[in-house]
Amino acid sequence: MGRDKIKIGNRLLGEGEPTYIVAEMSANHLQDYDRAEAIIRAAKEAGADAVKLQTYTADTITMDCDKEYFQIKQGTIWDGRTCYDLFQEAYTPWEWQPKLMKLANELGMDCFSSPFDFTAVDFMEQMQMPAYKIASPEIWDIPLIRKIARQGKPVIMATGLAYLGDIERAVRTCREEGNEQIILLKCVATYPTPYEDMNIKVIPHMAETFDCLTGLSDHSMGSAVAVASVALGARMVEKHFTLSRADGGPDGAFSMEPAEFKKMVEEIRIVEKALGRVTYKLTERQERSREEGRSLFITEDIKKGEVFTEKNLRSIRPAFGMAPMYYEEILGKRARCDISRGTPMKWEFLE
């Protein structure tokens, strides 16, 4: 596997392969293990190829401190809380994760996670997770990226907080470790993301700039942006997934419900079929439909020796006569035989 094709679990990603669709559980389990299992089962039913977790604790991702630095006030849905308080509510208990991964695998889905420190990487390796997702705020944590890259597995990077230079540095770090299995996800780290901020034209530009697979980590509402991204070359689409937004939770407000996710998957599969390939060959149906086009017909009875005029020769439907491109060439010439009205024009009718 290399830059053009990447394998996660048993699935290939790349040109000509189905879009890899990821259901992000995040904090939507609401600290209820049975709900976490229910989310995985619902994701499978909705058509997800993988479920994604997050591997951290409040103590591994931040510290318990009330100083202003740790107060969330960036204009998010979590403003007014401390980092520690938010992550204490949102984290996925580590003891759940092997069981959740086993369930996903039994259902035919992949399961991988976002690690947020070295201990999380080691834990994921113990579980033999098939890929690593680097969250937007970690894209400039070069030591973490280097450790992840050394595991030799696909590295999926969200770029929601990254300048171009941050992306370049993170990609270069992976490649310095001999890891070419890089997937860059266009992402905007606002929750939910306004549509006008999505700029999904970046997806093909990133693919060309960094010579790697690209995709979308989508925090906008609905499925329109995700579906459109596939037309622009997204090889992976990730959306937050919950059983019901009304159930609340840190990520509930911008997560997809099962019926919405299923509709998105169906629409993505339709777009994949419609994209097809570059060809000007007509299908059998199109070939038959050409008979509905225009051609030259005799529109008045013509006697032998009579001149073809604009009255007795017209371009009309259907397409059983000569092509209309010959119309002007025929006008003024004479008929070599009698021709009845409604006859398709042929070269043999000319003197």
Theoretical gain in end-to-end length, Arg3 to Ala259 [0.36 nm per residue, Cα-Cα removed]
88.8 nm
Here P(r) for region 1-46, Cα-Cα distances in 10 Å bins, as whole percents, is 23, 36, 27, 14
For region 273-327, with every protein chain kept in place, what is the accessible area per residue (1.4 Å probe, Å²)?
81
If I compute solvent accessible area with a 1.4 Å probe over the protein chains, what percent of it on region 215-351 is carbon and sulfur?
50
Region 32-147 - percent relative contact order, Cα under 8 Å, separation 6 or more:
29
Can you report the principal axis dimensions of the chain using only the alpha carbons, biggest first, rounded to whole angstrom?
102, 45, 41
Less than 13 Å Cβ to Cβ from Arg245, Lys/Arg counted +1 and Asp/Glu -1: what total charge do the surrounding residues give?
-3
Per residue, accessible area of region 7-164 with a 1.4 Å probe, heavy atoms of protein chains only, in Å², comes to 43
Hey, if you put +1 on the Cβ of every Lys and Arg and -1 on every Asp and Glu Cβ in region 54-172, which of Tyr91, Thr55, Ser113 ends up farthest toward the positive end of that dipole?
Ser113
By how many degrees, between 0 and 90 and to the nearest 10, does the Cα long axis of helix 33-45 differ from the longest principal axis of the chain?
10
Give the accessible surface of region 175-221 per residue, rounded to a whole number of Å², with probe radius 1.4 Å and ligands, DNA and RNA excluded.
43
FRET efficiency, 1/(1 + (r/R0)^6) with R0 35 Å, evaluated for Glu15 and Ser289 via beta carbons:
0.70
Within region 150-280, how many Lys pairs sit with Cα atoms under 27 Å apart, leaving out pairs fewer than 8 places apart on the same chain?
16
Within-13-Å neighbourhood charge of Asn10 [Cβ basis; K, R +1; D, E -1]
-1
How long is region 128-213 along each principal axis, judged by its Cα atoms, biggest number first, in Å?
37, 25, 22
Using only Cα atoms and rounding to the nearest 10 degrees, what angle (0 to 90) does helix 97-106 make with the longest principal axis of the chain?
30
Count the net charge of all other residues whose Cβ sits under 11 Å from the Cβ of Glu300, scoring Lys and Arg as +1 and Asp and Glu as -1.
+1
Using only helices, what value at 222 nm comes out for the chain when you add -39,500 (n - 2.57) per DSSP H run of length 4 or more and divide by the total residues, to the nearest 500 deg cm²/dmol?
-9000 deg cm²/dmol
Can you give me the relative contact order of region 196-341 as a percent, contacts being Cα pairs under 8 Å and 6 or more apart?
16
Which translational diffusion coefficient, to the nearest whole µm²/s, is obtained for region 81-180 from the Stokes-Einstein equation, given a Kirkwood hydrodynamic radius over C-alpha pairs, 37 °C and 0.692 mPa s?
227
Contact order normalised by residue count of the chain, Cα under 8 Å, 6+ apart, percent:
15
Of all accessible heavy-atom area on region 1-142, the percent that carbon and sulfur account for (1.4 Å)
49
Nearest 0.05, what FRET efficiency do Met325 and Leu164 give at R0 = 35 Å with Cβ-Cβ as r?
0.10
At q = 0.22, 0.23 Å⁻¹, what is the base-10 log of I(q)/I(0) for region 228-351 according to the Debye formula with one equal point scatterer per Cα and no solvent? Please give it to two decimals.
-1.14, -1.20
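The values are calculated or read from the model by the stated rules, or taken from the named source; none is laboratory data. Every value quoted in this text rests on a predicted model; they were computed, and no experiment measured them. Quick reminder, even Gly has a Cβ in these numbers, built from the backbone with ideal geometry, and neighbours come from all protein chains shown. Each accessible area value is taken on the protein alone, full model and side chains, heavy atoms only, with ligands, DNA and RNA left out. Shrake-Rupley method; radii C 1.70, N 1.55, O 1.52, S 1.80 Å.
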